[in-house]
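Notes for the one structure printed next.
The values are calculated or read from the model by the stated rules, or taken from the named source; none is laboratory data. Remember, predicted model here, so these are calculated numbers, not experimental data. Positions of Cβ are generated from backbone atoms using ideal geometry, with glycine treated the same way; all protein chains shown enter the neighbour counts. Surface accessibility is based on the protein's heavy atoms, side chains included, excluding ligands, DNA and RNA. Shrake-Rupley method; radii C 1.70, N 1.55, O 1.52, S 1.80 Å.
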Amino acid sequence: MAISEKILEEILNKYPAKVKRNRKKHIVIRDPQQDRQEIEANTRTIPGIVTNRGCAFAGCKGVVLGPLKDMVHIVHGPVGCGYYSWLTRRNKAKTDEPNKNFLAYCVSTDMQESDIVFGGEKKLARMIDEVVEIFKPNGITISATCPVGLIGDDIQAVARAARAKHSLNITAYSCEGYKGVSQSAGHHIANNGLMENIVGEGQMEEPPGRYTINILGEYNIGGDSWEVERVLTDIGYDVQAVMTGNGSYAKLKNAHVAQLNLVQCHRSINYIADMLQIKYGTPWLKVNFIGIRATIESLRNMARYFGDESLITRTEEVIERELAEIEPQLEPYRKICSGKIAFCFVGGSRGHHYQGLYEELGVTTVLAGYEFAHRDDYEGRDVLPHLKTDADSKNIPELHVTPDENRYRLKIPADRLEALKQELPLNNYKGMISDMTEGSIVVDDLNHYETEEFIKIFKPDIFSSGIKDKYIPQKMGIPTKQLHNYDYSGPYAGFRGAVNFARDVAMGFATPTWNYITPPWKGKPLLEGTIEPCSADPGVKEVGAV
Ligand code: CFM
């Protein structure tokens with residue numbers, strides 16, 4: 001299954017010339033013969049095009065800050081921004097401390113017209129006082145939505161004053177929705193804030209165990225992080241902090257003690273991964289716990305990083321045991337899934353991560369892409385030095401960190417680290433494109449029109465999508481597997497997660513539901529005719545085939 005340049009051209013020809021030129025740069029047909037294939041990404045969506053992206057506020061509060069369970073996350077703005085970012089992402093959390101899990105709450109300053117006219121700072125300050133009194137959280141974050149920046153409320157000053165007043169970690173994030181071209185801007189703002197205000201606040205100086213790690217860019221969607229942690233703990237790792245799934249201020253403030261940082265979602269967390277290395281000397285390892293092979297490879301890479309024979313042996317024992325448990329369960333699902341084709345279009349990392357899991361079930365991904373990723377997520381981090389900073393990116397301040405005088409230390413000898421970098425994805429990520437097969441298609445910021453057109457051409461058996469775009473394929477009679485919040489299912493990570501995923505995807509194929517929907521192309525005749533006047537006798541009609 002492949003797509004030619006000619007067909008792609010036909011799809012794009014429906015656009016006005018300027019839009020066509022723009023969209024063409026965001027679409028790549030995979031050609032493994034080429035050394036490097038470039039794609040445009042992280043630029044503004046064309047106005048009027050129905051994109052699947054979110055806003056900077058969504059990336060900051062919704063994605064990175066929101067899952068921290070022992071903090072109250074105040075949304076400063078009209079209530080709608082709070083309401084629509086309330087629990088829909090399914091970043092689960094549980095706590096041993098009663099009354100220290102605030103994720104079930106939606107806390108908004110509910111700005112009204114009078115606040116827009118006269119300013120909302122006093123209302124925000126009052127709300128902080130109330131939150132401290134009612135919840136007594138371990139910390140508070142304040143996230144700004146669009147009107148806050150437009151009217152100029154100084155939320156940073158309000159946070160500083162409240163911090164002094166309550167002696168509590170209270171921090172503000174100027175993540176107004178319009179701050180960037182997508183939620184990606186919000187990730188960066190949140191990374192900066194966590195690094196500046198929380199990591200390192202704790203008093204721990206030594207790691208609690210021999211193999212202490214942080215898991216970065218894992219948000220516990222549908223319980224993913226719990227499944228990953230189950231395996232890691234069993235092998236012998238101490239998970240200090242997860243950023244930020246089921247995460248907490250209490251753990252995050254001591255994240256500096258880890259000997260290794262794992263990076264699951266590169267897009268949302270690479271900034272903090274780099275900063276942790278600069279400030280504390282902790283290297284980061286790109287991992288992927290989606291898919292069985294990817295999980296095994298990640299576990300083996302971790303063991304090689306620490307280089308301890310007993311850890312390597314234990315890793316293999318756990319892998320063997322887990323495989324023995326899941327392989328028989330997977331078999332019946334593989335029979336249903338084998339030979340199918342998929343589209344895999346998700347936010348900023350899952351479009352890549354899920355391809356391996358699909359492959360293990362016998363499903364081939366023919367189209368993949370990201371809503372808001374950057375070029376390094378497609379092309380690999382080698383492209384970073386070649387990226388030009390545009391005006392939109394300059395909007396987001398770069399946080400410059402320096403080695404911590406007391407806490408910076410090499411976690412493993414420098415020469416060993418350099419040698420390992422040749423073998424392991426340490427401080428590196430090679431991007432999605434290189435893993436895709438010849439003739440498959442990579443699309444950045446896929447929109448509704450293109451979704452329909454590509455579906456008509458490829459006729460995929462399943463579409464892995466988001467919440468907004470899943471209805472288009474469904475109306476075309478194609479099952480979807482929503483990969484943002486998993487549509488009430490999960491976990492999909494790790495060994496047991498793979499079985500859940502296989503079960504859900506197989507169910508999508510096996511259900512007779514889709515037979516009740518007629519895809520548009522099925523009712524379309526192969527030949528279409530029109531009746532035109534006959535030139536000889538204008539009174540007589542003839543049928544002309546087109
Ligand atoms: Fe990272 Fe995510 Fe993703 Fe993301 Fe997201 Fe998400 Fe996502 Mo939805 S942090 S980039 S901003 S893996 S919410 S848990 S599923 S778009 S692919």
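Across the stretch 82-104, which residue is surrounded by the fewest Cβ atoms within 10 Å (Cβ to Cβ) among those that are away from the ligand (no atom under 16 Å from the Cβ) and under 21 Å from Glu176 (Cα atoms)? First the steps, then the outcome.
Residues of the stretch 82-104 that are away from the ligand (no atom under 16 Å from the Cβ), as a first pass: 82-83, 94-102, 104.
Applying the additional criterion that residues be under 21 Å from Glu176 (Cα atoms) yields 82-83.
Values: Gly82: 23, Tyr83: 13.
If we take residues in the stretch 82-104 being away from the ligand (no atom under 16 Å from the Cβ) and under 21 Å from Glu176 (Cα atoms), then Tyr83 is surrounded by the fewest Cβ atoms within 10 Å (Cβ to Cβ).
Pull up the stretch 236-254, narrow it to residues that are in contact (Cβ under 8 Å) with a residue 60 or more places away in the chain, open to solvent by 10 Å² or more (accessible area, probe 1.4 Å) and in a helix (DSSP H, G or I), then point me to the one that is nearest to the ligand (Cβ to nearest atom).
Tyr249
Picking from Leu150, Leu168, which residue would you name as being touching a residue at least 24 places away in the same chain (Cβ under 8 Å), away from the ligand (no atom under 16 Å from the Cβ) and open to solvent by 40 Å² or more (accessible area, probe 1.4 Å)? Spell out the reasoning first.
Numbers: Leu168 fails: open to solvent by 40 Å² or more (accessible area, probe 1.4 Å).
When all the criteria are applied, what remains is Leu150.
Can you tell me which residues in the stretch 507-533 are of a type in the set (Ser, Thr, Tyr) and either in a loop (DSSP other than H, G, I, E, B) or open to solvent by less than 100 Å² (accessible area, probe 1.4 Å) (or both)? Walk me through how you get there before you give the answer.
First, pick out the residues of the stretch 507-533 that are of a type in the set (Ser, Thr, Tyr): 511, 513, 516, 518, 530.
Hits for the stretch 507-533 are Thr511, Thr513, Thr518, Thr530.
Within the stretch 125-151, can you find the residues that are within 14 Å of Asp70 (Cα to Cα), in a loop (DSSP other than H, G, I, E, B) and under 30 Å from the mean Cα position of the chain (by Cα)?
Pro137, Asn138
Across the stretch 42-70, which residue is surrounded by the most Cβ atoms within 10 Å (Cβ to Cβ) among those that are within 9 Å of the ligand (Cβ to nearest atom) and among the small types (Gly, Ala, Ser)?
Out of the qualifying residues, it is Gly59.
Would you kindly identify the helices (runs of 4 or more DSSP H) lying entirely within the stretch 330-403 that contain at least 3 residues that are in contact with a helix residue (DSSP H, G or I) (Cβ under 7 Å, 6 or more places away or on another chain)? First the steps, then the outcome.
Details: elements: 350-360, 375-379, 391-394.
Once the helices (runs of 4 or more DSSP H) in the stretch 330-403 are filtered for at least 3 residues that are in contact with a helix residue (DSSP H, G or I) (Cβ under 7 Å, 6 or more places away or on another chain), what remains is 350-360, 375-379.
On the basis of being farther than 30 Å from Asp445 by Cβ, surrounded by 23 or more Cβ atoms within 10 Å (Cβ to Cβ) and of a type outside the set (D, E, K, R), does Ile128 make the cut?
Values: farther than 30 Å from Asp445 by Cβ: yes; surrounded by 23 or more Cβ atoms within 10 Å (Cβ to Cβ): yes; of a type outside the set (D, E, K, R): yes.
Criteria met by Ile128.
For the subset of the stretch 72-81 comprising residues that are in a helix (DSSP H, G or I) and touching a residue at least 12 places away in the same chain (Cβ under 8 Å), which member is surrounded by the fewest Cβ atoms within 10 Å (Cβ to Cβ)?
Step one: filter the stretch 72-81 for residues in a helix (DSSP H, G or I), giving 79-81.
From what's left, touching a residue at least 12 places away in the same chain (Cβ under 8 Å): 79, 81.
Numbers: Val79: 15, Cys81: 25.
The extreme case among them is Val79.
Collect the residues in the stretch 466-506 that are among the basic types (Lys, Arg) and in a loop (DSSP other than H, G, I, E, B), keeping them in residue-number order.
Matches in the stretch 466-506: Lys468, Lys470.
So, in the stretch 471-486, exactly how many residues are open to solvent by 10 Å² or more (accessible area, probe 1.4 Å), out of contact with any Asp or Glu (no Cβ under 8 Å at 6 or more places or on another chain) and not polar (S, T, N, Q)?
Number satisfying all stated conditions: 4.
Taking the stretch 255-288 only, how many residues are open to solvent by 10 Å² or more (accessible area, probe 1.4 Å), of a type in the set (S, T, N, Q) and assigned to a loop (DSSP other than H, G, I, E, B)?
Number satisfying all stated conditions: 3.
Check the stretch 205-215 and report whether any residue there is within 16 Å of the ligand (Cβ to nearest atom) and of a type in the set (Ser, Thr, Tyr).
For the stretch 205-215, residues within 16 Å of the ligand (Cβ to nearest atom) and of a type in the set (Ser, Thr, Tyr): absent.
Only one of Lys100, Lys122, Lys61, Lys69 is under 30 Å from Val228 (Cβ atoms) and part of a helix (DSSP H, G or I); which? Write out each step before concluding.
On the way: Lys100 fails: part of a helix (DSSP H, G or I); Lys122 fails: under 30 Å from Val228 (Cβ atoms); Lys69 fails: part of a helix (DSSP H, G or I).
Residue meeting the stated conditions: Lys61.
Given the criteria closer than 28 Å to Glu218 by Cβ, open to solvent by 10 Å² or more (accessible area, probe 1.4 Å) and within 28 Å of the chain's Cα centre (by Cα), does Gln203 qualify?
Details: closer than 28 Å to Glu218 by Cβ: yes; open to solvent by 10 Å² or more (accessible area, probe 1.4 Å): yes; within 28 Å of the chain's Cα centre (by Cα): no.
No, not satisfied.
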